[in-house]
Amino acid sequence: MTVTLIDPTLGPAKGGKSLAPRPTSLDGAVIGLINNGKTNGREILQRVAHNLGATHKIADVILLTKANPSAPATAEELDSLAQGSSVIIAAIGD
Amino acid sequence: MTLHGDREVDDPWQAIEDCYDAGWSDGLPVVPPTQPLVDAMLARGVWDSNEVLLHEPARGLSVTAHKAAVNAVLAGCRPEYFPVVGAALQAMGHPDFGLHGLITSTGGAAVLVAINGPVRDEIGVHYKENLFGPGFRANATIGRSLRLVLRNCLSVIPGVLDKSTQGWAGKYTMCFGEDEASCPWEPFHVSRGFEPDQSTVTVMAAESGHNVVNHASSTVEGLLGTFADTMAAFGSFSSGRSLVVFAPEHARKIAASGWTRSQVSEYLFENAVRSFADLKRGGKVERSGLVQGFDPARWVASDPMVQPEDEDIVVHRGVRPDDISLMVGGGDAGGHSAFFPSWSRGRSVPLITQEILTP
């Protein structure tokens, strides 16, 4: 006797996300930072931006801090950041 | 590791082992999910097989009624439990519930499920002795099915996406009914706008419960003072929500006092407090350069050092009285109630109540 067991799982999301094109240079770039709002998250990101500035001609740095670390950034916040930035870096501070 | 896809086994007794091998179990044996069992489960719900019951936006994953039914079979649910399982998943998908945060956080919350209305007695949801413990199929398997959905559909696997530092046993299952007949007031779901003859599930992202023992208080203030003291303990003290489940013995004392539901919540809110200085000394306030002074919702401050004026600033558990929800449940004997703190050291998420619909 053969028993067929029905799959209870989901695979990865279909039609999902892909990586944005990688920049060939950061010269003149505006770096967007998404801070999750937890302790030291901002400090980590700002240090990353500082270090990038030491080796690239960064034009500007924009920081977005989420009001609630556990909730996604709003669509408006993400749209604004995406439009104003060349490259975006996210990090978790905890 | 989780294996995807249907599987075939020759020996029915090997089916349980095969489910273990596929990574589909929470550690306990599961019921092998065969097509007839899945069909019977789906038939008792109000949803088409492909209807989405829960959408997780962070990763764009959707749990259909079909996948929910397979996991309800795995968990050992009877088909008549499925409307409750589906309603709980819908509640968990409410945007305010912030599902991705609580299921991945180091905080290790369980999804606590409280059931109100006629469905409790129709399907045998237990609300008397040992209601939080083992012994009752509906309580055991409804809560378990939610955890299996999280594991199998959303990859909420310890060390993968579930980063709980410790977690707690309620993550196997945490499901109970309210003892509405012992409640001094309207049942919990009626207090949230539903009719008494409607059935509902309420979900909460809950830390493990704290036993609140009080056998001897002769006044309602004395009795509730024990609760407030428990709720003000540093270990779980936060700006988040609270759930208090009064034992019937405690509920009878409150009923005799004539205090209303809102009076009790307000008393607990006013007395579950610490000074701001205490909070700072206890390591409960984190430094943030982004706020002026103290943010009472997130408990961050520009200056985490204790200042003399901090001794006179009162900080409550939660930010308003209705952050404290009240239910009743348990055996008729015993002065043992429970306090469940919400997940997260900050504001956390609200309790979500959803109607249970049947065909």
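The values are calculated or read from the model by the stated rules, or taken from the named source; none is laboratory data. Predicted model only: the values in this text are computed from it and were never measured. A quick note on method: Cβ atoms are made from the backbone with ideal geometry, for glycine too, and the neighbour counts reach across all protein chains shown. With ligands, DNA and RNA removed, areas are computed over all heavy atoms of the protein, side chains included. Shrake-Rupley method; radii C 1.70, N 1.55, O 1.52, S 1.80 Å.
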Indicate the gyration tensor shape class of region B:1-154 (rounded, prolate or oblate), computed on the Cα atoms with a ≥ b ≥ c the square roots of the eigenvalues: a/c under 1.5 is rounded; otherwise a/b larger than b/c is prolate and the rest oblate. rounded
Would you kindly state how much longer the chain becomes between B:Asp332 and B:Ser302 on full extension, computed as 0.36 nm times their sequence separation minus their alpha carbon distance, in nm to one decimal? 5.9 nm
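In µm²/s, what is D for region B:269-318 at 10 °C and 1.306 mPa s, where D = kT/(6 pi eta Rh) by Stokes-Einstein and Rh is the Kirkwood radius from Cα pairs?
Details: Rh = 10.8 Å.
Diffusion coefficient, whole number: 147 µm²/s.
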The answer for trypsin sites (Lys or Arg not before Pro) in region A:1-93 that fall in a DSSP coil and have at most 12 neighbouring Cβ atoms within 10 Å is A:Lys14, A:Lys17, A:Lys57
So B:Glu266 and B:Trp13, fully extended at 0.36 nm per residue minus their Cα-Cα distance, gain in nm 85.5 nm
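Tell me, what does the Kirkwood hydrodynamic radius of chain B come to in angstroms if you use every pair of distinct C-alpha atoms?
Across chain B, the inverse of the average 1/r is 21.4 Å.
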Can you give the convex hull volume per residue for the Cα atoms of region B:61-114, as a whole number of Å³? 101
Just how far, in whole angstrom, is region B:62-97 from region B:240-290 if you go by their alpha carbon centroids? 32
222 nm mean residue ellipticity, helices alone, for chain A (DSSP H n ≥ 4; -39,500 (n - 2.57); rounded to 500): -8500 deg cm²/dmol
Please determine, in degrees from 0 to 90 and to the nearest 10, the orientation of helix B:261-271 with respect to the longest principal axis defined by the Cα atoms of chain B, where the helix direction is its Cα long axis. 60
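Cα-Cα pairs above 21 Å in region B:218-358: how many percent? Let's see the in-between values first.
Values: 4583 of 9870 pairs.
For region B:218-358, the fraction of Cα-Cα distances above 21 Å is 46 percent.
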Average silhouette area of chain A, convex hull of alpha-carbon atoms, in square nanometres: 9.7
From Cα pairs below 8 angstrom and at least 6 apart in sequence, can you work out the relative contact order of chain A, rounded to a whole percent? 41
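If you place +1 on the Cβ of every Lys and Arg, -1 on the Cβ of every Asp and Glu, and leave all else neutral, what size is the dipole of the protein assembly as shown about its Cα centre, to the nearest 20 Debye?
1020
In region B:7-52, which chymotrypsin sites (Phe, Trp or Tyr not before Pro) fall in coil by DSSP and have 16 or fewer other Cβ atoms within 10 Å?
When the chymotrypsin sites (Phe, Trp or Tyr not before Pro) of region B:7-52 are filtered for loop state and at most 16 Cβ neighbours within 10 Å, B:Trp13 remain.
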Suppose R0 equals 56 Å; then what is the FRET efficiency for A:Lys14 and B:Arg192 from their Cβ-Cβ distance, rounded to the nearest 0.05? 0.95
What angle do you read, to the nearest 10 degrees and between 0 and 90, between the alpha-carbon axis of helix A:41-55 and the longest principal axis of chain A? 60
State the three equivalent ellipsoid semi-axes of region B:233-313, derived from the C-alpha gyration tensor as the square roots of 5 times its eigenvalues, in descending order and whole Å. 33, 12, 11
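Show me you know the interface measure: the accessible area buried between B and A, both chains summed, probe 1.4 Å, in Å² to the nearest 100.
Values: alone 15620 and 7290 Å², together 20260 Å².
The buried area between B and A, both sides summed, comes to about 2700 Å².
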Any idea how far apart B:Arg320 and B:Lys128 come out in nm if each label point goes 7 Å out from Cα toward Cβ? 3.9
Taking the alpha-carbon centre of each part, the distance from region A:15-54 to region B:118-185 in Å is 41
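In Å², what does the accessible area per residue of the protein assembly as shown work out to with a 1.4 Å probe?
Working: 20260 Å² over 453 residues.
Spelled out: the 1.4 Å probe surface of the protein assembly as shown, per residue, equals 45 Å².
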Antiparallel content of DSSP bridges confined to chain B, in %, to 5: 70
Once every Cα of region B:147-236 carries one equal point scatterer and solvent is ignored, give the base-10 log of I(q)/I(0) from the Debye formula at q = 0.11, 0.21, 0.22 Å⁻¹, two decimals. -0.54, -1.16, -1.18
Expressed in µm² per second, the diffusion coefficient of the protein assembly as shown from the Stokes-Einstein equation, with Rh the Kirkwood radius over alpha carbon pairs, at 4 °C and 1.567 mPa s, is 54
Computed magnitude of the charge dipole of region B:42-163 (debye, nearest 20; Cβ of K, R +1, Cβ of D, E -1): 320
